[in-house]
Each structure stands twice: as C-alpha cells, then as structure tokens.
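A short reminder: the numbers here are calculations on the coordinates, not readings from a lab. Not measured: the values here are computed from a predicted model. Note that we place each Cβ from the backbone using ideal geometry, even for glycine, and neighbour counts take in every protein chain shown.
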Amino acid sequence: MKKVLVTGGTGYIGSHTVVALIEKGYQVVIADNLYNSNEGVLNAIAGITGVRPAFEQVDLADEAACMALFRKHADIEAVIHFAAYKSVNESVSKPLDYYRNNLNSLMWVLRGMEAVGCKRIVFSSSCTVYGQPDVLPVKETMPYQEATCPYGNTKRIAEEILKDVVRADRDKHEGRSELKVLLLRYFNPIGAHESALIGELPNGVPNNLMPFITQTAAGIRECLSVFGSDYDTPDGTPQRDYIHVCDLADAHVCAMEYMASDDFSGWDAFNVGCGRPYGVLDVIRSFEKMSGVKLPYKICGRRAGDIEKIWGDVEKANRKLGWRAKRGLDEMTLSAWRWQQHLQEKA
Ligand code: UD1
C-alpha cells in the first residue's frame, strides 16, 4: 500500500485530504503538533472512512523531532506538507514566529526526506503569491508580487526554497531531478465534508469569511462586517475564487497520482480553484438561501491588506492533473452550515 506522510493532517484542509487519500487506498501517517487542531479529528476521520490513520504529535520546526519522525517512517513514498501557521493578521504582529515555523518546518521536512530517500512532496501554496494580478483569471506563469503580510511571504519563500532544492538535485542527476515537487496554489477553500464530522475550526474570533458567517448565523457573533463595498467589482465587494474543501482535497489525490507517473519530474505549480469569481454578497446570499437563516450584516470600511479581486485559470490542473472542481457555491455554503450545526449539537 502506498504510504504517505501528511503533515498538518488534523487541520482543516489536511483532514479532508486524509479522508480522500484513505478512500483511494493510501496508508496515511499524520504528523501534527495540534497547534490549531485536536486529536478528536482522528476519531472523525475514522468515523468517515473506517480507518484511523497513524498519528505522530510532533513539532516539525524542531529539527531533531522531525528527523526522528522520518527515521520512524522511513518507508513513506511521499509527503503532503500542510503544516503551517496561516493567519494573515497574526503574521503581521508575529512575523518571526511565522518565518520560524513555516520555513523551518519545510526545511526539516526536506532534510528528513533526503535522509530516507523520499522523492516526492506536495506543498500547500496559496494564490497570495500573485498579489493583485493585472490580468484575470491568473495563470501559474504570472510573476510573484510582493506579499502584503509575512504569512504570504512565507509561501513565496517556500516556493523558492523548493525550486532551489530541485535545481540542486537536477545538477546532481545529469539534468533530470529525481526529486518531484508539486505546488498547489489554493484559492479560497470553504465548506466541509458532507458527513459534517470534519470542517474548519478556527481558534477564537474567525478572520475568514465563511466561519464568520456560520458563527454569526448560529448566534455566536452578533453581526458580520462586510469589508468594503466600493471596489471596482460588480457588487462593490472584493471577489474571490471560492473552492469546496473536498474538491481541494481531491486535487491532492490527483497530484499524488500525477507525481507517481514518469511524465513528471522537477518542480511545477498548479492553481486550485473553481476558476470563477464571487463577491462577499454572493456568498451571503447563497448562505441565506441554503440555510434558510437571515444573516445580520453591515457594510464597513475596507480591511487593510485585502486585494480587490482574484480568481484562477485552472486549465492546467484540469489538463495535467485530470482534476476538476465539482461542487458549486451553494454546496459549499450548505456544507459549512451543516458543520456549524454539528458543532452546536456537540457543545
Ligand atoms: C486570506 C489570504 C489567503 C489565505 C486565507 C486563509 C491574502 C491575500 N489572502 O484570504 O492567502 O490562504 O486568508 O487564511 O493574504 N470578509 C468580510 N468580512 C469578514 C471576513 C472576510 O467581508 O469578516 C471578506 C474579505 O474582505 C474578503 C473575503 O471576505 O473579500 C474573503 O476573506 P477571507 O476569508 O479572510 O480570505 P482572503 O482574505 O481572501
């Protein structure tokens, strides 16, 4: 059985990907420090798939701990590296924590792979590396733009670290890298698994739109602030390429299959989105329609650091990975609501 190490596998995108991998017959080892998740997710994964993945609680930014993890699981075929801090706001106030955690963990994972001869890694990147693109939909060939926050910077630097590592491997192996690095640039993942057993679980007050909407609808938050209505977009609110987290999870399985083929060597990046833009009001309207709950919201000023609009050209992922997003906005908002309701029932 193909054995995969999933770092950050109890997190939001990680847990959905673990489910998708298990369902495709992969043997999964999760490594996570539970900084932003909890062990209960393992029971939920077992509840959905019937399989409880192996779990190692480890801080990957700790070199010795990371190397010990790799020695223990020296037979892994590939790594999917999700583990990272992800809050835009927090990264502005704690830049060193972000650089230390997100970059050290990547470097020690790469060292661990080298030590055990593991040659494949899928890395969680973000559309944030494009900044505000001049041309939309944005293609993978667009140059990087300066990040608006340290979190975004860690993604760009990580991409460059991976490029350098592949370059060095290529030089070592007469022009064809043995190391395979595949970057998935996520757009805006929302929604939850159809079972409502796993989903997004932010600590404290959510920064992101979807959990703020569901918590407001559940009465945990008083009112949603819509950050800006004077953008140059159809309804004046910023536009994003929202993608169902289960479609995003499936993209990782396709990436694993693509990497296993001889067609792929070296480094490549793929946009993973639906390829169409929605404004904040579109998301609110979809949520209200699917949940039947009237959402209290008010239009406020712009949020610092927000870009006006971004959506992805996903043709490359469709063609090369054989992957396509299947779920629409209504399915995303409804599943997010069912997850919130499940959390309420459990509380
Ligand atoms: C940001 C990051 C992205 C990161 C993601 C998850 C950038 C440019 N984007 O995405 O890389 O992966 O967070 O951490 O750094 N909104 C409201 N009210 C709210 C919350 C959000 O109106 O209470 C609006 C925002 O202005 C934005 C949209 O909803 O237009 C989506 O916001 P959010 O969910 O926070 O994601 P991004 O900022 O797009």
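Relative to the compact-globule estimate of 2.2 N^0.38 Å, the Cα radius of gyration of the stretch 236-278 comes out at 1.49.
Sorting the segments 144-153, 249-258 by their mean number of nearby beta carbons within 10 angstrom, highest to lowest, gives 249-258, 144-153. Counted by neighbouring Cβ atoms within 10 Å, the residues GLU308, GLU90 run from fewest to most as GLU308, GLU90. How would the stretch 227-347 be classified by its alpha-carbon gyration tensor: rounded, prolate or oblate, with rounded meaning a/c under 1.5 and the a/b versus b/c comparison settling the rest? Oblate shape, in that a/c is at least 1.5 and b/c is the bigger or equal ratio.
Give me the Kirkwood hydrodynamic radius of the stretch 1-68, using the inverse of the mean 1/r over all pairs of distinct Cα atoms, in Å to one decimal. Evaluated over the stretch 1-68, this radius sits at 11.9 Å. Simple rule: put +1 on each Lys or Arg Cβ and -1 on each Asp or Glu Cβ in the chain, find the dipole, and look at SER195, ILE284, PHE123; the Cα lying farthest toward the positive end is SER195.
Hey, can you grab everything whose amide H is under 5 Å from the amide H of LYS309? Only 5+ residues off in sequence or another chain; H modelled, so Pro and N-termini drop out. Long-range HN contacts for LYS309: GLN239. Stokes-Einstein diffusion of the stretch 80-188 at 20 °C, 1.002 mPa s viscosity, Kirkwood radius from Cα pairs, rounded to a whole number: 145 µm²/s. A quarter of the convex hull surface defined by the alpha-carbon atoms of the chain gives 16.5 nm² as the mean projection.
Note on the stretch 137-219: Rg/Rh from Cα positions, Kirkwood definition for Rh, rounded to two decimals, is 1.13. For the cross-link pairs LYS180/LYS316; LYS3/LYS86; LYS2/LYS163; LYS72/LYS119, the ones whose C-alpha atoms lie over 21 Å apart are LYS3/LYS86; LYS2/LYS163. Shape descriptor for the stretch 1-156: Rg over Rh equals 0.99 (Cα atoms; Rh from the Kirkwood inverse mean 1/r).
Size descriptor for the stretch 184-229, Kirkwood hydrodynamic radius: 12.1 Å (Cα pairs only, one decimal). DSSP beta bridges confined to the stretch 186-345 are antiparallel in about 20 percent of cases. Charges were assigned to the Cβ only: +1 to each Lys and Arg, -1 to each Asp and Glu. The resulting dipole of the chain about its Cα centre is roughly 280 debye.
Across all directions, the average flat footprint of the convex hull enclosing the Cα atoms of the stretch 189-286 is 8.8 nm². Taking only the Cα atoms of the stretch 305-347, the ratio Rg/Rh comes out at 1.18, with Rh defined as the Kirkwood radius.
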